[in-house]
Amino acid sequence: MRLGCIGDDFTGSSDLANTLAKAGMRVVQYCGIPDKPADPDVMAGVVALKTRSIPAAEAVRQSLAALDWLRAQGCEQILFKYCSTFDSTPEGNIGPVADALAEALDAHKVIVCPAFPGAGRTIYQGHLFVQDRLLNESGMQNHPLTPMTDPDIRRWLQPQSRHGIGHVPAAAVMAGPARIKAALAAQHAAGHRHIVVDAVSDADLLAIGQAARDLPLVTGGSGIALGLPANFGCVSAPVPWRGQPGKAVVLSGSCSTATRAQVARHKAHHPAREIDAAAVIEGRLGADDLAAWLLKADGLPLAYSSADPAQVARIQDRFGREASATALEGFFAEVARRVVAGGVARIITAGGETSGAVVEGLRLCALDIGPEIDPGVPALRATPDLVLALKSGNFGAEDFFEKADRLLRSAP
């Protein structure tokens, strides 16, 4: 294994694996830390953790354990993958995990670059944009677990880290890899260990990848991986896929603006059932009831708890943020187990926490990476008879659910 990756959620990890696979690497996404060595033909291993919203100390512990396994596989470079909207709180977890990995690897010029231009995430003058909006005006300020209220990644990261935060501006990035390397060295000399690097195009990310050739640790969104495979001699190639016939369902727990638009479009044409969060938390709605409805419904049925921010806030005020999230994740996990037991062969999910709950609920160990459905979202094969699409909340076109099912059930 040449490149080792640590992801802080399951959707982001599949997004990263998709980027590497398209660039010609043989990639496997591991669901948690494996308990055995990787196959020798795996060039890039993505260890998907569920550490984005847990206590920082536990996120650090799990990330270091993943690092130990990846180093034992012979990895020459480590990539710490977080969301392209930098989902975190002022207390962590991105900073503490980046600090711990940097210290373990003796890394002193650590790139911080959540940019993913293909999905509309760009960094300019250290500020993160979603399409033409600053991060804190994009809807991410209403995220139920990690509300993003400041678009300046330097300011957001500094309280999380023990180290100085530097910056490489767009002008240096656009001047090419040599200039980027010189700027990183200058920021390191100025006392900065984590260095936010601007990127407004895929060309910028390719240049950053070349500049990162000899760095032991890189951090960022999946876009930062665009330029890394070439450093290992890889070239782009089609990603093979075999479609999976049978029953399909959609499970959506994301409250993002993009997912709510996808839900609205889908339920106008397909069976859909809204999940009452209070009913789940109070035990008035059971997973067996919802699973039975999904299995009986025709077409591509959707079960969703994708409420607007005001409704989410009312539920959190009533039951508590942690209790609400835990109850819904457990509910989605149990629904996934029941529909698979009932013969479902294709599952499409929306939302990082929901996707993680489904993967953990099904006790999946590894996912083979298929072709891209929409930017950042690949088809995934979990077993010979089960395929998945794990969509981050803000990703995908409005017809994503239909598009995903078309690819999952047939060859691209």
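The values are calculated or read from the model by the stated rules, or taken from the named source; none is laboratory data. What you see is a predicted model; the values in this text were computed from it and never measured. Because the Cβ atoms are built from the backbone with ideal geometry, glycine has one as well, and the counts that use them run over all protein chains shown.
Looking at this structure, is A310 surrounded by fewer than 17 Cβ atoms within 10 Å (Cβ to Cβ) and either over 28 Å from R409 (Cα atoms) or in contact (Cβ under 8 Å) with a residue 60 or more places away in the chain (or both)?
Yes.
Considering only the stretch 179-261, give the strands (runs of 3 or more DSSP E) lying wholly within it that have at least 2 residues that are of a type in the set (A, V, I, L, M) and under 30 Å from V335 (Cβ atoms).
247-252
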When the residues of the stretch 353-397 are narrowed to those that are of a type in the set (D, E, K, R) and assigned to a loop (DSSP other than H, G, I, E, B), which ends up surrounded by the most Cβ atoms within 10 Å (Cβ to Cβ)?
D385
What are the residues in the stretch 109-128 that are at pLDDT below 95 and either in contact with a His (Cβ under 7 Å, 6 or more places away or on another chain) or surrounded by fewer than 24 Cβ atoms within 10 Å (Cβ to Cβ) (or both), if any?
P117, G118, G120
Just give me the residues in the stretch 188-199 being in contact with a strand residue (DSSP E or B) (Cβ under 9 Å, 6 or more places away or on another chain) and more than 14 Å from G220 (Cα to Cα), in sequence order.
H188, A190, G191, H192, R193
From D298, D288, D276, grab the single residue that is charged (D, E, K, R) and either surrounded by 14 or more Cβ atoms within 10 Å (Cβ to Cβ) or modelled with pLDDT under 95 (or both).
D276
Could you tell me how many of the residues in the stretch 398-408 are touching a residue at least 60 places away in the same chain (Cβ under 8 Å) and crowded, with 18+ Cβ neighbours inside 10 Å?
6
Residue count, the stretch 130-178, condition under 25 Å from the mean Cα position of the chain (by Cα), small (G, A, S) and assigned to a strand (DSSP E or B), comes to 1
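Have a look at G221, G209 and point out the one that is within 15 Å of K81 (Cα to Cα), modelled with pLDDT under 95 and not hydrophobic (A, V, I, L, M, F, W, C). Reasoning before the result, please.
Numbers: G209 fails: modelled with pLDDT under 95.
Unique residue meeting the criteria: G221.
Is it the case that A389 is over 12 Å from T11 (Cα atoms) and either at pLDDT 95 or above or out of contact with any Cys (no Cβ under 8 Å at 6 or more places or on another chain) (or both)?
When the stated conditions are applied, A389 does not pass them.
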Which of (1) under 20 Å from the mean Cα position of the chain (by Cα); (2) crowded, with 23+ Cβ neighbours inside 10 Å; (3) over 26 Å from N142 (Cα atoms) is the odd one out, the single condition F332 does not satisfy?
(3)
Any idea which residue in the stretch 114-166 is farthest from G92 (Cα to Cα), counting only those that are touching a strand residue (DSSP E or B) at 6+ places or on another chain (Cβ under 7 Å) and basic (K, R)?
R121
Which residues, counting only those in the stretch 315-334, are in contact (Cβ under 8 Å) with a residue 24 or more places away in the chain and under 16 Å from S254 (Cα atoms)?
I315, Q316, R321, S324, A325, A327, L328, E329, G330, F331, F332, A333
